[in-house]
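The values are calculated or read from the model by the stated rules, or taken from the named source; none is laboratory data. Computed from a predicted structure; not experimentally measured. In this analysis, Cβ positions are derived from the backbone assuming ideal geometry, glycine residues included, and neighbour counts consider all displayed protein chains.
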Amino acid sequence: MSTRVLVVDGTGRGHAICDLFVRTDPEVTVFYGPGCGVIEHDRIRPAPGVSLDNPRTAVEFLQQNPMDLVFVSNIDALSRGFVDVLRCFGYPVIGPTQAAAALESSKATGKRFCVDHGIPTAEYQSFTDPVAAEAYISSRPYACVVKLDGLTPNGDGAVVCDTEADAHQAVRRFAAEHGEAFRVVVEERLTGDEISVFALLDGASYVLLPTARDYKRTLDGDLGGNCDGMGSIAPHPAEDDALRARIRADLLDPLIRGLRAERLDFTGFLYLGAMITDRGLRVIEINARFGDSEAEVVLPGMTSSFTDVCRAVLAQQLSGERIAFDGLARCTVALTQGGLDPDDPAAPPGWPFGDFVAGQPVTGLAAAALSPDAQLFYGRLDRGPGGVPVTTGGRALHAVGRGKTLADARTAAYRAAQLIAFPGMRYRRDIGADRILAAVG
């Protein structure tokens with residue numbers, strides 16, 4: 001029996017979710033909105049009329065195109081109440097409600113939730129007064145991270161500060177940019193090994209998924225500011241049975257109890273940005289969707305029918321579901337729209353440093369897709385004149401490699417990336433290299 005699914009997203013993560021549905025279920029057809037016009041698959045169909053900013057567009061699409069399931073995986077849509085609106089119209093939808101998504105869309109809400117429910121996290125305070133924020137920074141005996149409270153378009157709302165002066169500068173910059181809307185969280189800068197933790201929730205229980213390691217810094221060597229992410233590896237090299245048990249006991253079990261206590265309706269993917277410290281696991285942030293680009297290295301490993309898994313989520317029967325994975329290592333590299341002329345100081349610097357010139361023609365996609373042990377997931381791409389793929393935003397696409405070892409996966413990812421070209425293309429050349437060196441060192 002065929003199944004029709006609407007996936008609401010428009011990123012590489014969204015493409016990975018669409019691919020997960022059609023790869024694990026030969027009877028499903030996915031409608032992807034707003035999606036990506038470059039995807040070529042007979043069972044992944046674009047729905048460009050669906051806007052991430054307006055849930056009414058999804059309702060209008062569904063009124064004309066009946067679906068068996070809606071999967072909302074983009075935080076912009078979740079924070080605007082897509083799930084709430086679609087449920088009001090009677091549609092079977094997976095995703096956290098607007099109130100539950102506030103755990104991500106408001107950093108202060110997420111931090112307060114952790115403290116209230118015994119989830120270990122960094123010491124913090126939230127502020128609407130920049131003078132008070134600076135006084136707090138001066139009173140702390142440790143380096144700080146300064147975060148804007150709300151969502152930011154490029155994942156650049158967190159400034160990881162090396163010195164007290166850096167933190168003061170971050171507060172002053174945010175105050176100048178946001179004026180009366182200034183609201184930040186100032187927290188202790190944690191040290192240790194970052195880990196991305198993922199789970200699938202059905203509103204009553206959860207299944208822990210494989211972990212990953214994200215590379216958020218813009219430049220090689222983990223230099224530069226934070227952004228949405230330049231690449232990922234999976235599984236996290238530190239993952240073992242003991243760590244997974246600690247993740248359940250220290251992070252996920254209290255989180256589920258907290259959701260119940262606050263009556264927050266959360267179904268779908270949960271992503272905890274965390275740190276393995278010498279004091280134990282600490283949550284950096286709660287996210288109400290899968291990570292991007294971690295989705296591109298975790299979800300391709302799932303071998304169970306994701307349609308059946310989603311049916312279990314809707315029926316709140318996930319606790320009895322066994323989700324299988326192939327056990328391979330994966331590495332993904334984000335190919336981004338950089339500046340076109342680095343020698344011209346007046347030219348747009350490119351993503352994520354500032355403005356960029358989109359519409360650049362992309363070549364090599366077909367060759368890269370055929371590269372051994374590689375896969376491509378499209379983000380900010382569309383069709384230009386003559387049907388040629390062109391860039392439309394910062395993270396244009398993701399090149400993913402797989403293998404029995406991280407070294408093999410990394411080789412496959414970079415082999416595919418090197419077959420693709422567009423003016424201004426920029427990517428980090430060291431994704432996963434630090435973990436390979438650590439393993440042999």
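Counting only helices (runs of 4 or more DSSP H) that fall entirely inside region 251-363 and contain at least 1 residues that are of a type in the set (F, W, Y), the qualifying elements are 306-314.
Restricting the first member to region 39-60 and to residues that are among the basic types (K, R), and the second to residues that are in a helix (DSSP H, G or I), the beta-carbon pairs closer than 7 Å and six or more apart or on different chains are R43/V22. Selection over region 252-297 of residues that are touching a strand residue (DSSP E or B) at 6+ places or on another chain (Cβ under 9 Å), within 27 Å of Q316 (Cβ to Cβ) and of a type in the set (G, A, S) gives a count of 6. Within region 265-287, residues that are within 20 Å of R112 (Cα to Cα) have Cβ atoms under 9 Å from residues that are of a type in the set (K, R) and in a strand (DSSP E or B) in these pairs: A274/R282; M275/R282; E285/K147, counting only partners at least 6 apart in sequence or on another chain.
Could you please let me know if V207 is surrounded by fewer than 20 Cβ atoms within 10 Å (Cβ to Cβ), at pLDDT 95 or above, on the phi < 0 side of the Ramachandran plot and in contact with a helix residue (DSSP H, G or I) (Cβ under 9 Å, 6 or more places away or on another chain)? Working first, answer last.
On the way: surrounded by fewer than 20 Cβ atoms within 10 Å (Cβ to Cβ): yes; at pLDDT 95 or above: yes; on the phi < 0 side of the Ramachandran plot: yes; in contact with a helix residue (DSSP H, G or I) (Cβ under 9 Å, 6 or more places away or on another chain): yes.
Criteria met by V207.
Has region 130-139 got any residue that is crowded, with 19+ Cβ neighbours inside 10 Å, closer than 27 Å to I256 by Cα and either touching a Gly at 6+ places or on another chain (Cβ under 9 Å) or not assigned by TED's automatic domain parsing to the domain that holds L270 (or both)? No, because not a single residue in region 130-139 is crowded, with 19+ Cβ neighbours inside 10 Å, closer than 27 Å to I256 by Cα and either touching a Gly at 6+ places or on another chain (Cβ under 9 Å) or not assigned by TED's automatic domain parsing to the domain that holds L270 (or both). When you go through T332, T392 one by one, which is the residue that is buried (at least 21 other Cβ atoms within 10 Å of the Cβ), closer than 29 Å to G95 by Cβ and either out of contact with any Pro (no Cβ under 8 Å at 6 or more places or on another chain) or aromatic (F, W, Y) (or both)? On inspection, the qualifying residue turns out to be T332. The single condition from (1) closer than 24 Å to G268 by Cβ; (2) aliphatic (A, V, I, L, M); (3) touching a strand residue (DSSP E or B) at 6+ places or on another chain (Cβ under 7 Å) that A122 fails is (1).
In region 353-378, the residue that is surrounded by the fewest Cβ atoms within 10 Å (Cβ to Cβ) out of those that are out of contact with any strand residue (DSSP E or B) (no Cβ under 6 Å at 6 or more places or on another chain), touching a residue at least 12 places away in the same chain (Cβ under 8 Å) and under 28 Å from G157 (Cβ atoms) is V357. Checking each residue in region 95-144 for being without any contact (Cβ under 8 Å) to a residue 24 or more places away in the chain, under 27 Å from the mean Cα position of the chain (by Cα) and closer than 25 Å to G280 by Cα picks out T109, R112, V115. Test A158 against the criterion of being in contact (Cβ under 8 Å) with a residue 60 or more places away in the chain, closer than 30 Å to A324 by Cβ and either of a type outside the set (D, E) or surrounded by fewer than 21 Cβ atoms within 10 Å (Cβ to Cβ) (or both), and give yes or no. No.
From the set of residues in region 189-227 that are of a type in the set (F, W, Y) and part of a strand (DSSP E or B), which is nearest to R429 (Cα to Cα)?
F198
Do we find that T152 is modelled with pLDDT under 95 and surrounded by fewer than 17 Cβ atoms within 10 Å (Cβ to Cβ) in this structure?
Numbers: modelled with pLDDT under 95: yes; surrounded by fewer than 17 Cβ atoms within 10 Å (Cβ to Cβ): yes.
Criteria met by T152.
G81: surrounded by fewer than 18 Cβ atoms within 10 Å (Cβ to Cβ) and of a type outside the set (K, R), yes or no? The answer is yes for G81. When A199, A167, A175, A234 are screened for being in contact with a helix residue (DSSP H, G or I) (Cβ under 8 Å, 6 or more places away or on another chain) and under 28 Å from R263 (Cα atoms), only A199 passes. Scoring V7 on the criteria (1) out of contact with any Pro (no Cβ under 8 Å at 6 or more places or on another chain); (2) modelled with pLDDT of 95 or more; (3) outside any strand (DSSP E or B) leaves a single failure, condition (3).
Residues in region 253-289 that are touching a Pro at 6+ places or on another chain (Cβ under 7 Å) and exposed (fewer than 14 other Cβ atoms within 10 Å of the Cβ): G280 only. Listed by position, the strands (runs of 3 or more DSSP E) enclosed by region 380-424 that each have at least 2 residues that are under 19 Å from the mean Cα position of the chain (by Cα), touching a residue at least 24 places away in the same chain (Cβ under 8 Å) and more than 12 Å from A369 (Cα to Cα) are 395-403. Within region 234-252, being out of contact with any Leu (no Cβ under 7 Å at 6 or more places or on another chain), buried (at least 17 other Cβ atoms within 10 Å of the Cβ) and acidic (D, E) holds for one residue alone: E239.
Among the residues of region 24-45, those identified as surrounded by fewer than 19 Cβ atoms within 10 Å (Cβ to Cβ) and either under 12 Å from L299 (Cα atoms) or of a type in the set (G, A, S) (or both) are T24, G37. Do we find that T267 is polar (S, T, N, Q) and within 22 Å of the chain's Cα centre (by Cα) in this structure? In short, yes.
Do we find that A439 is among the small types (G, A, S), over 23 Å from Y32 (Cβ atoms) and either touching a residue at least 40 places away in the same chain (Cβ under 8 Å) or surrounded by fewer than 18 Cβ atoms within 10 Å (Cβ to Cβ) (or both) in this structure? Yes; evaluated as a whole, the condition is true for this residue.
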